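For reference, the structure discussed in these notes is given below.
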Amino acid sequence: MGTEDGHREWARHWQYPELPGLDLLRARYVRHTFPRHAHDGYVIAAVTGGIEEVGLPGHVVRAGPGSVVLINPEVPHTARAGAPEGWSYATLYPSGALIAEVAAEVGTLRGTPGFTADIVADPQASHTITEVHRAAEAGNALAADTLLRGVVARMLTRYAGPLPARTVRGTAGAEAAAARAVLEERLADPPSLEQLAAELGTSPFALLRAFRERYGMPPHTWLTDARVRRARRLLDAGTPPAEAALAVGFTDQPHLNRHFTRIVGVPPGAYRRARAL
């Protein structure tokens, strides 16, 4: 995405083999905007420059240097620059298993942990998150793992509680869950909204409303996000981008490139190369 010269967009999205269960993203964005999407795991993002504007269900937060953005799994959100100079950040994407492991070591949380704040002013944690990145980039496994566990424990003890169970309420909630299951099964060749509603015995408008209420986005937006997630897993396994594109239902590699870059923050080719190192 360009060079790290302070004037252009750049990004690195990768995994450090010595830190299993963690994705790393360090980037500067100016014009790039992330469409509504969600993650399988957690987001712990330290803004290091500029302003990031994060759209969460029902509200927007603006994060500047010294702040940390915290997002739980499957929470739909958007992100964009909140200032003309854009924003820079260092982000940790820990898996649910990694969070559960650290939570067990901390020993103060019951059930599945969930962050109770969307944004916190914590310059010490923000600095530590950037140090995790620096240690990983330098190949210092001992420092990276120590810093990672320390900052995750800090986030959990200060800003987390039990994650509420994701319940499906009433007939509409059940229909939304059933629609999602159908879309997951037929990711590469999904039905139209009208066909999907007919299969589930409801109306398109009622299904759209139920799905949006349940998952925070309409079915077609969720489908694009789900395709990109599955493409990521294929790329992780070594599948070439062109093959991954067709496997998940995109018309061709440029179609994958466009949506993948918007949602993940780097093109699929760069993503695959960074993870193959």
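Worth pointing out:
- The stretch 37-59, subset in a loop (DSSP other than H, G, I, E, B) and more than 20 Å from Arg227 (Cα to Cα), residue modelled with the highest pLDDT: Ile51
- Given (1) touching a helix residue (DSSP H, G or I) at 6+ places or on another chain (Cβ under 6 Å); (2) surrounded by 14 or more Cβ atoms within 10 Å (Cβ to Cβ); (3) farther than 18 Å from Gly41 by Cβ, index of the condition Pro191 fails: (1)
- Test: Thr112 is in contact (Cβ under 8 Å) with a residue 60 or more places away in the chain and either surrounded by 19 or more Cβ atoms within 10 Å (Cβ to Cβ) or not hydrophobic (A, V, I, L, M, F, W, C) (or both): no
- Filtered by the rule that a residue be open to solvent by less than 40 Å² (accessible area, probe 1.4 Å) and either part of a helix (DSSP H, G or I) or touching a strand residue (DSSP E or B) at 6+ places or on another chain (Cβ under 8 Å) (or both), the stretch 230-253 gives Ala231, Leu235, Pro241, Ala244, Ala245, Val248.
- Unmet criterion (only one of (1) of a type outside the set (A, V, I, L, M, F, W, C); (2) open to solvent by 40 Å² or more (accessible area, probe 1.4 Å); (3) out of contact with any Gly (no Cβ under 9 Å at 6 or more places or on another chain)) for His133: (2)
- Residue match in the stretch 97-106 (condition: in contact (Cβ under 8 Å) with a residue 60 or more places away in the chain, under 17 Å from Arg232 (Cα atoms) and in contact with a strand residue (DSSP E or B) (Cβ under 9 Å, 6 or more places away or on another chain)): no
- Test: Tyr89 is open to solvent by less than 30 Å² (accessible area, probe 1.4 Å), touching an Asp or Glu at 6+ places or on another chain (Cβ under 7 Å) and not in a loop (DSSP other than H, G, I, E, B): yes
- Unmet criterion (only one of (1) of a type outside the set (A, V, I, L, M, F, W, C); (2) within 26 Å of Glu137 (Cα to Cα); (3) assigned to a strand (DSSP E or B)) for Pro20: (3)
- Looking only at the stretch 140-161, and only at residues there that are open to solvent by 30 Å² or more (accessible area, probe 1.4 Å) and touching a residue at least 60 places away in the same chain (Cβ under 8 Å), the one that is nearest to the chain's Cα centre (by Cα): Tyr159
- The numbered conditions (1) modelled with pLDDT under 95; (2) over 20 Å from the mean Cα position of the chain (by Cα); (3) open to solvent by 70 Å² or more (accessible area, probe 1.4 Å); (4) not small (Gly, Ala, Ser) are all true for Pro164 except (2).
- Residue in the stretch 204-226 that is farthest from Asn257 (Cα to Cα), counting only those that are among the aromatic types (Phe, Trp, Tyr) and in contact (Cβ under 8 Å) with a residue 12 or more places away in the chain: Phe211
The values are calculated or read from the model by the stated rules, or taken from the named source; none is laboratory data. Everything quoted here is computed from the prediction, not taken from an experiment. Neighbour counts run over all protein chains shown; Cβ positions are idealised from the backbone, glycine included. The accessibility values were calculated without ligands, DNA or RNA, using every heavy atom of the protein model including side chains. Shrake-Rupley method; radii C 1.70, N 1.55, O 1.52, S 1.80 Å.
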